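J.: So that we are looking at the same thing, I have put the structure below in structure tokens.
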Amino acid sequence: MSTQSKPPILRVALDLPLPRLFDYTCVDALVDDVGYRVSVPFGRGEKVGVIVAVLDESDQPVDKLKAALAILRDMPRLPADWLAVTEFCARYYQHPLGEVMTLALPPMLRKGKLPRALKDKKKDTDVTVQRPVLHAEQQSACAAIDNAAGEFKAFLLHGITGSGKTEVYLHAIEAVLARGQQALMLVPEIALTPQLEGRVAARFPNAKIVSAHSGLADAARARGFLDALEGRADIVMGTRLSVFTPLPRLGLIVIDEEHDASFKQQEGLRYSARDVAVMRAKQLNIPIVLGSATPSLETYYHAKSRRYGLLELKQRAVADAPPVVRCIDTRREKLQDGLSAAMLAAIEARLARGEQSLIFLNRRGYAPVLACPSCGWVSTCKRCAANMVVHLADKRLRCHHCGFENHIPAGCPDCGNQDIHPFGRGTQRLEETLAQRFPHARVLRVDRDSANSPTKWRALLDAIHADEVDILIGTQMLAKGHDFPKLTLVGAIGADAALFAADFRAPERLFAQLMQVGGRSGRAALPGEVLIQTEYPDHPLYEALMQHDFHRFADSQLEEREQAGFPPYTFQALLRAEAPSIDQSLAFLAQARAAAKALLDDNAQYSEHISLYDPVPMRMFRLMSLERAQLLIESPSRPALQHFLTQWMEALYAQKANRELRWHLDVDPLEF
Ligand code: ADP
Ligand code: ZN
Ligand code: ZN
């Protein structure tokens, strides 16, 4: 042993796809440097990482360690709760900590840079704020949340659109700010909710409100992060990534539309911001409110089993009735371009009264496929196991999965037949049909093609509000968070497809979509009507919808899930693999399964709780020229699953990497 004084060791998380940390020596390191960013030599270059520990010893010989270049003390330390939430994600999602931290930091701060400071605008302090008097249900919801101050408690705030949930959030936030604390509010897609941002800003004119989403410029996002970290921000509002905002005085988390799929990231670190937020509230001992008209079955199940408090708003806050929901039975009717006589008549009646209609069809493009009736050719994507969608507006065939494009062929590429047709119906075709049918009506289509930039999206919304539209055609993009005072009819077509989809979550999503889109109608003084074209008018999902009965729907779904052994009664993880050929992917998964089997055989104490399924090709088995397969692992016990996954991942990371094959683990997967 050398008698020289030993330099302190920094343990650093670096942005690398490896489940390990890196040690460096650093002569001027102090014990409390944990949480600072640090630049270190790596390979032939330099990297910026985060210090997660300052130690006396390393597991490796100290003379083999390189010296850190500089501790970046110009940015305050990332606080303990930020380190805790990122460490939780790394553990729970079995993901390298350095990659988690990279995702959790704004891009500018990852690189070791800092934004220039801006002077705070002077706030006008004598604005009088209008706030409605809460009705009884809102009052008791607020009281329950307020009573939970300083302890961990999760609440489900369940109420239809217009029932006054947002008012409850605002009151709860007000109480938190009055105590000198900070609030975090997560929303699905902020680009779609400028109205909500405006409403929060108007309610808290003296508060510093920071928004956090990926659409912000680098410097603005970094500045918002620092405002939060240094305690200047009072309210942080943002999309899923804002769950990683460091907030030293955090007193409350709110998640609006908690069921929304955009809270789950579908690439890289496949985290659920909702679940991470609940974990964060638990770590910090603060309340969290999950609000929705159609809660996820996971959250609803927690509320039913009393792990979460259930706060119900049963009436609309403003005195109008919920829309009347009816089914149009299309079994015996010959549809006219996909539309029933009853639907056409309902639109006609709105036109005559100068009101708006919205026809909801969750399929963009002109038609889902181009086909040759004489030889059976269909427009498939070369790279994916999917059809190319006809986009007549710009005369292209386009794959919605990989973005691959082609011109529309004049004849069949296989047999030369000139008479090839688009089959089926998307929003563009519906737009064409309605424009022909109602030549005097102003028809507007709103989907990801027509609203492909924030400016275009804003222009479409402005046109709707300026009463420049009679018939709207929209995908689920239109379902969220907008008040259209003149809208009195919502028609849904093509909804049946989701009733019998292979994905067990499809009915849950369909119910939420129809409920949400239906909630757009009749919000002002005019009563609303929702018409659903269906071949299954007696389906329990539609019956529950007609009665506005979420509980009935959710209870029957939970029963089915319990019988089938699906979440929330079981916990799942998916190992996915992709490679140039499906055989490679399946072979990798077979190997992984054998490794899992060996582990389970050695660990009798938890092995009986884990079910391993067989590797299977994914439903979309080819995507961007890679062929994909998956392996499902299930357990009724979350700790048993976690324990198993940790050991299994160690085994998989230890295997020799195959350059042609990529794999990842998805814990609590939403898509199969
Ligand atoms: P949700 O978030 O459930 O859709 P909101 O909180 O946005 O509902 O309320 C719907 C509308 O009713 C809003 O215009 C809101 O200002 C109004 N509102 C909510 N609560 C009350 C109340 N207690 N008294 C009067 N108006 C209310
Ligand atoms: Zn042909
Ligand atoms: Zn494709």
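The values are calculated or read from the model by the stated rules, or taken from the named source; none is laboratory data. Please read these numbers as outputs of a predicted model, since none were measured by experiment. Glycine gets a Cβ as well: all are built from the backbone with ideal geometry, and neighbour counts include every protein chain shown. Protein only, heavy atoms only, side chains kept; ligands, DNA and RNA dropped before computing areas. Shrake-Rupley method; radii C 1.70, N 1.55, O 1.52, S 1.80 Å.
J.: Restricting the first residue to the stretch 128-141 and requiring it to be basic (Lys, Arg), which pairs with a second residue that is near ligand 1 (Cβ under 9 Å from one of its atoms) and not in a loop (DSSP other than H, G, I, E, B) meet a Cβ separation below 9 Å and a spacing of at least six or different chains?
T.: Matching pairs, first to second residue: Arg131/Glu167; Arg131/Leu170.
J.: Would you say Leu83 is closer than 23 Å to Leu269 by Cβ, in contact (Cβ under 8 Å) with a residue 24 or more places away in the chain, touching a Ser or Thr at 6+ places or on another chain (Cβ under 9 Å) and not in a loop (DSSP other than H, G, I, E, B)? Working first, answer last.
T.: On the way: closer than 23 Å to Leu269 by Cβ: yes; in contact (Cβ under 8 Å) with a residue 24 or more places away in the chain: yes; touching a Ser or Thr at 6+ places or on another chain (Cβ under 9 Å): no; not in a loop (DSSP other than H, G, I, E, B): yes.
No; evaluated as a whole, the condition is false for this residue.
J.: While we're on this one: Of all residues in the stretch 361-398, which are hydrophobic (A, V, I, L, M, F, W, C), in a loop (DSSP other than H, G, I, E, B) and out of contact with any helix residue (DSSP H, G or I) (no Cβ under 9 Å at 6 or more places or on another chain)?
T.: Of the residues in the stretch 361-398, the ones hydrophobic (A, V, I, L, M, F, W, C) are 361, 367, 369-372, 375, 377-378, 381, 384-386, 388-390, 392-393, 397.
Remaining after also requiring in a loop (DSSP other than H, G, I, E, B): 361, 372, 375, 377, 381, 384-386, 388, 392-393.
Selection gives Cys372, Cys375, Trp377, Cys381, Cys384, Ala385, Ala386, Met388.
J.: Would you say Cys375 is away from ligand 3 (no atom under 16 Å from the Cβ), open to solvent by 40 Å² or more (accessible area, probe 1.4 Å) and modelled with pLDDT of 95 or more? Lay out the reasoning, then the answer.
T.: Values: away from ligand 3 (no atom under 16 Å from the Cβ): yes; open to solvent by 40 Å² or more (accessible area, probe 1.4 Å): yes; modelled with pLDDT of 95 or more: yes.
Here the answer is yes, as Cys375 does meet what is asked.
J.: Can you name the number of the only condition in (1) out of contact with any helix residue (DSSP H, G or I) (no Cβ under 9 Å at 6 or more places or on another chain); (2) open to solvent by less than 40 Å² (accessible area, probe 1.4 Å) that Asn406 fails?
T.: Answer for Asn406: the failing condition is (2).
J.: While we're on this one: Name the residues in the stretch 622-631 that are surrounded by fewer than 18 Cβ atoms within 10 Å (Cβ to Cβ) and either free of Cβ contacts under 8 Å to residues at least 24 places away in the same chain or not hydroxyl-bearing (Ser, Thr, Tyr) (or both), would you?
T.: Filtering the stretch 622-631 for residues surrounded by fewer than 18 Cβ atoms within 10 Å (Cβ to Cβ) gives 624-625.
Answer for the stretch 622-631, where residues must be surrounded by fewer than 18 Cβ atoms within 10 Å (Cβ to Cβ) and either free of Cβ contacts under 8 Å to residues at least 24 places away in the same chain or not hydroxyl-bearing (Ser, Thr, Tyr) (or both): just Met624.
J.: Restricting to the stretch 143-158, give me the number of residues that are surrounded by fewer than 21 Cβ atoms within 10 Å (Cβ to Cβ) and either within 16 Å of ligand 1 (Cβ to nearest atom) or within 18 Å of Lys314 (Cβ to Cβ) (or both).
T.: Here the count works out to 2.
J.: Now, a different point. Determine whether the stretch 519-536 contains at least one residue that is closer than 18 Å to Met343 by Cα and part of a helix (DSSP H, G or I).
T.: no
J.: Right, next: If I filter the stretch 411-423 for residues that are among the acidic types (Asp, Glu), outside any strand (DSSP E or B) and more than 30 Å from Arg383 (Cα to Cα), do I get at least one hit?
T.: Step one: list which residues in the stretch 411-423 are among the acidic types (Asp, Glu), which gives 414, 419.
Remaining after also requiring outside any strand (DSSP E or B): 414, 419.
Now narrow it down to the ones that are more than 30 Å from Arg383 (Cα to Cα): none.
Scanning the stretch 411-423, I find no residue that is among the acidic types (Asp, Glu), outside any strand (DSSP E or B) and more than 30 Å from Arg383 (Cα to Cα), so the answer is no.
J.: Here's another thing I want to ask about it. What are the residues in the stretch 458-485 that are more than 23 Å from the chain's Cα centre (by Cα), in a loop (DSSP other than H, G, I, E, B) and surrounded by fewer than 19 Cβ atoms within 10 Å (Cβ to Cβ), if any? Before you say what the answer is, go through the steps one by one.
T.: From the stretch 458-485, those more than 23 Å from the chain's Cα centre (by Cα) are 459-460, 462-473, 484-485; that's our starting set.
Of the ones still in play, those that are also in a loop (DSSP other than H, G, I, E, B) are 466-470, 484-485.
Ala466, Asp467, Glu468, Pro485 - these are the residues of the stretch 458-485 that are more than 23 Å from the chain's Cα centre (by Cα), in a loop (DSSP other than H, G, I, E, B) and surrounded by fewer than 19 Cβ atoms within 10 Å (Cβ to Cβ).
J.: A further question on this structure: Name, by its number, the condition in (1) modelled with pLDDT under 95; (2) more than 24 Å from the chain's Cα centre (by Cα); (3) not assigned by TED's automatic domain parsing to the domain that holds Phe484 that does not hold for Arg619.
T.: Looking at each condition in turn, Arg619 falls short on (2).
J.: Does Leu83 qualify as being closer than 30 Å to Leu575 by Cβ, outside the structural domain of Val278 (by TED's automatic domain parsing) and in contact with a Leu (Cβ under 6 Å, 6 or more places away or on another chain)?
T.: no
J.: With open to solvent by 20 Å² or more (accessible area, probe 1.4 Å), over 28 Å from Ala219 (Cβ atoms), in contact (Cβ under 8 Å) with a residue 40 or more places away in the chain and in a loop (DSSP other than H, G, I, E, B) as the only criterion, which of Asp28, Asp74, Asp15 stands out? Please lay out each step first, then the result.
T.: Numbers: Asp74 fails: over 28 Å from Ala219 (Cβ atoms); Asp15 fails: over 28 Å from Ala219 (Cβ atoms).
After ruling out the rest, the residue left standing is Asp28.
J.: Looking at the stretch 391-402, I want the residues that are within 16 Å of ligand 2 (Cβ to nearest atom) and have a partner that is open to solvent by 40 Å² or more (accessible area, probe 1.4 Å) with Cβ atoms under 6 Å, at least 6 apart or on another chain. Which pairs are those?
T.: Leu397/Asn406; Leu397/Ile408
J.: I'd like the residue in the stretch 487-526 that is within 16 Å of ligand 1 (Cβ to nearest atom) and surrounded by fewer than 19 Cβ atoms within 10 Å (Cβ to Cβ) and, out of all such residues, is nearest to Thr330 (Cα to Cα).
T.: Of everything passing the filter in the stretch 487-526, Leu526 is nearest to Thr330 (Cα to Cα).
J.: As an exercise: evaluate Glu634 against (1) open to solvent by less than 30 Å² (accessible area, probe 1.4 Å); (2) under 23 Å from Ala386 (Cβ atoms); (3) among the charged types (D, E, K, R) and give the number of the one condition it does not meet.
T.: That leaves (2) as the condition not met.
J.: Right, another one. Take Glu137 and tell me if it is within 32 Å of the chain's Cα centre (by Cα) and open to solvent by 20 Å² or more (accessible area, probe 1.4 Å). I'd like the intermediate steps shown before the answer.
T.: On the way: within 32 Å of the chain's Cα centre (by Cα): yes; open to solvent by 20 Å² or more (accessible area, probe 1.4 Å): yes.
Judged against the criteria, Glu137 is a match.
J.: Name the residues in the stretch 373-387 that are within 10 Å of ligand 2 (Cβ to nearest atom) and not hydrophobic (A, V, I, L, M, F, W, C), would you? Steps first, answer last, please.
T.: Initially, the stretch 373-387 is screened for residues within 10 Å of ligand 2 (Cβ to nearest atom), giving 373-378.
Across the stretch 373-387, the qualifying residues are Pro373, Ser374, Gly376.
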